[in-house]
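Q: Could you have a look at this structure, given as structure tokens, before my questions?
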Amino acid sequence: MPLFLVLIGSLMAAPPEPDFELLLNGRDLEGWTAGGDETGWIVEEDGVLLTVGTVDGGWLSTDREYADFVLRLEYMLSEVGNSGVLIRGLAPGSADIEVQLLAPWTPYRDDLHCTGSLYGHVAVDPRPDETTGIWHSLEITAIGKSLSVVVDGVEICRANTDEVPTLAGSALSGHIALQSSHSGPEEWVRFRNIRIRDLDAEPGHLAYQLRSDDPAIRRHAQEFSARLGAAMVPDLLRLHAEGTPESISTAADALTYIVAGSGRDGSDATALSAALARELAGTWPTPTRAFVLEALALVGSSACVPGIAACLDEPVLAHPAASALSRIGGPTAIEALSAAVTGPDLEAALAAVSGLSTMGSGSGLHALASALGAASPVLRASAVTALGSVGTEATAPVIVAALRDGNPAVRAAAHSAVLRLATRLWESDRSTAHLLLERAVGAADSRVARVSALVAAIRLGADEASPALTLGRARDVEAVEEAERIAQTP
């Protein structure tokens with residue numbers, strides 16, 4: 001059985017009322033707009049909507065637009081009644097799709113124009129009961145480009161708009177409208193129990209549509225997913241957790257669309273951030289939790305920091321968690337990263353150092369300085385590198401001290417950090433910058449390191465009397481000459 005029919009069957013099998021909302025309140029036309037004379041539409045005392053041919057009410061359309069839905073109503077036609085239900089209507093340049101409602105009086109009532117047909121586009125099969133003067137039920141289901149019409153519990157018409165030449169390119173959303181009675185002055189049509197299940201308000205349905213091979217349907221699902229926002233998170237994570245390239249890409253695209261639509265401020269972003277944080281603590285596969293961390297990096301708030309920080313202790317998640325914290329920023333994020341730097345877990349510490357190094361000057365300096373006393377040379381090298389990026393003149397002594405570390409990799413990292421910090425301080429604290437450059441020249445482990453320090457000094461604008469160049473000439477004149485040649489090279 002085609003997947004569309006399976007889905008239709010599941011919708012029909014669901015309890016009829018809990019998922020449906022009334023479109024007509026039974027008192028007045030609130031939520032609807034008449035395209036003709038509004039007095040042509042009468043809400044009777046029992047809540048029945050009446051249209052009589054003596055007044056042209058035109059199309060009575062919903063103020064809202066709908067795309068994917070199940071519409072249910074009951075109708076009754078007079079002996080020569082003529083009406084219809086327009087779906088996804090009133091869209092400029094789109095073919096109008098009218099489900100015909102017609103009494104069996106006209107000789108032109110062939111299967112393409114009788115009750116239940118997509119008027120002029122798709123014929124019915126089988127023909128419905130067309131008895132006038134009694135109530136009939138009508139159910140119209142629109143899912144993507146698939147349409148179904150059920151009268152009195154029997155499906156009589158189904159179509160895919162791409163497969164009907166006159167419907168190709170039809171709009172995927174629009175207004176629902178009822179047609180006023182237009183077969184004679186004494187003829188009438190009645191409607192009651194008009195209700196709708198708005199499938200685009202259901203995350204599971206949108207997640208299903210996001211899988212479509214049809215780009216137009218996927219775009220539509222992304223747009224409505226963005227409207228639902230935080231409510232879509234669990235279903236998108238279920239999609240991501242399937243683990244196929246297609247499901248991962250689909251979930252990522254949809255969540256990116258939602259994040260972009262939420263903005264970083266306001267209730268939408270707050271709700272989305274909270275939803276993601278809740279799911280982060282769930283039992284999702286590790287790649288899916290990493291996916292949540294990436295999303296939190298874009299939209300997360302300080303309220304999410306504790307949950308993200310808990311992931312620093314998980315080796316596979318440590319780096320994405322640190323990245324998320326660094327992008328969220330703020331004192332609580334710095335505090336969380338600093339605690340991890342000085343904690344017992346090496347992978348968490350390395351990730352936290354990396355996170356602090358991207359947060360800007362002054363971030364977690366005490367923790368980074370403390371890490372220079374760690375047992376792991378990898379952590380010491382990482383910490384001193386970070387200090388070169390975010391350190392201040394106050395941290396210059398600890399960076400310089402690392403030039404004498406017993407591990408050559410740490411010394412090399414310290415040498416680069418000294419030059420980086422000197423460059424950053426050149427305009428604001430020239431004396432500290434000169435001191436750093438002098439120490440870099442003096443502590444260089446090799447000719448290459450010494451020349452790189454001298455090149456940095458020359459390019460920054462150090463004059464002949466600067467401590468770095470003076471020390472360089474005293475120790476290695478040829479290194480100074482080489483540095484001058486390199487510095488002059490564009």
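The values are calculated or read from the model by the stated rules, or taken from the named source; none is laboratory data. None of these values were measured; they are calculated from a predicted model. Cβ coordinates were reconstructed from backbone atoms using ideal geometry, including for glycine residues, and neighbour counts include every protein chain displayed.
Q: So V124 passes all but one of these: (1) surrounded by fewer than 17 Cβ atoms within 10 Å (Cβ to Cβ); (2) free of Cβ contacts under 8 Å to residues at least 40 places away in the same chain; (3) not acidic (D, E). Which condition number does it fail?
A: Among (1) surrounded by fewer than 17 Cβ atoms within 10 Å (Cβ to Cβ); (2) free of Cβ contacts under 8 Å to residues at least 40 places away in the same chain; (3) not acidic (D, E), V124 violates only (1).
Q: Right, here's the next one. Could you grab me the full set of residues in the stretch 119-149 that are over 36 Å from the mean Cα position of the chain (by Cα) and not in a loop (DSSP other than H, G, I, E, B)?
A: Hits for the stretch 119-149 are V122, H136, S137, L138.
Q: Going by the structure shown, is I8 touching a Ser or Thr at 6+ places or on another chain (Cβ under 9 Å), modelled with pLDDT under 95 and of a type in the set (A, V, I, L, M, F, W, C)?
A: Here the answer is yes, as I8 does meet what is asked.
So that you can scan it fast, the table gives a plain yes or no per residue for (1) buried (at least 16 other Cβ atoms within 10 Å of the Cβ); (2) at pLDDT 95 or above; (3) outside the structural domain of S382 (by TED's automatic domain parsing):
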| residue | (1), (2), (3) |
| --- | --- |
| C304 | yes, no, yes |
| P315 | no, no, yes |
| H319 | yes, yes, yes |
| S338 | yes, yes, yes |
| P344 | no, no, yes |
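Q: Checking A456 against (1) aliphatic (A, V, I, L, M); (2) in contact with a helix residue (DSSP H, G or I) (Cβ under 8 Å, 6 or more places away or on another chain); (3) surrounded by fewer than 19 Cβ atoms within 10 Å (Cβ to Cβ), only one condition comes out false. Which one?
A: Failed condition: (3).
Q: Something else: Can you tell me which residue is modelled with the highest pLDDT among those in the stretch 265-288 that are in contact with a Gly (Cβ under 9 Å, 6 or more places away or on another chain) and in a loop (DSSP other than H, G, I, E, B)?
A: In this case the residue turns out to be P285.
Q: Right, something else. Of all residues being surrounded by fewer than 18 Cβ atoms within 10 Å (Cβ to Cβ) and under 35 Å from the mean Cα position of the chain (by Cα) in the stretch 354-387, which is modelled with the highest pLDDT? Just the residue, please.
A: T358
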